[in-house]
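> Below you'll find the structure I mean.
Please treat every number below as a calculation from the coordinates, not as lab data. Keep in mind the model is a prediction, meaning the values are calculated, not measured. Counting neighbours? That spans all protein chains shown, and the Cβs are built from the backbone with ideal geometry, glycine included.
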Amino acid sequence: MGGDHTAVVSASVTLVAVVGAVGPIPGGDAPSGSTFDPETVDFGLTSVAGALLLACLAAIPIGVSLWALLDAARRPRWAWALAERRQVVWMAVIMFGVLSVVGGLVISGYYLLRVRPAITAAEAGQV
């Protein structure tokens, strides 16, 4: 039973230490000498919509790269060989392209528009 009390006291001390390190809680009473002004904090609809738009725009390159990577992984090796392409190289290039937004879009776009049709044609026997 004493262990439960110790855990609660420890959690309370940790919480006080974290809150004290971060600073005053927004909307609360700021200590004297603080530069926090609750009147200047904007949590309006425009900031939420902007954050949502930014998150959606950031998800597009990741989604396209993931689509290209999964498509390259699911194609059989013999189709890659018939199309005279190397599956491992393309998968590595797509994964490396994810590290930069523009590079990921360019590489994945090239794969989806140029390489994928050749692999699909080889898979369908249209070599």
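> Working out 0.36 nm times the residue gap between Trp67 and Met95, then minus their Cα-Cα distance, what length gain in nm do you get to one decimal?
In short, 8.9 nm is gained.
> With the crude spin-label approximation of a point 7 Å out along Cα→Cβ, what separation in nm comes out for Ala59 versus Ala121?
Modelled inter-label distance: 3.5 nm.
> Same structure, new question: Assuming R0 = 41 Å, what is the FRET efficiency of Leu113 and Ala51, from their Cβ-Cβ distance, to the nearest 0.05?
Values: r = 32 Å, r/R0 = 0.77.
Plugging the Cβ-Cβ distance into 1/(1 + (r/R0)^6) gives 0.85.
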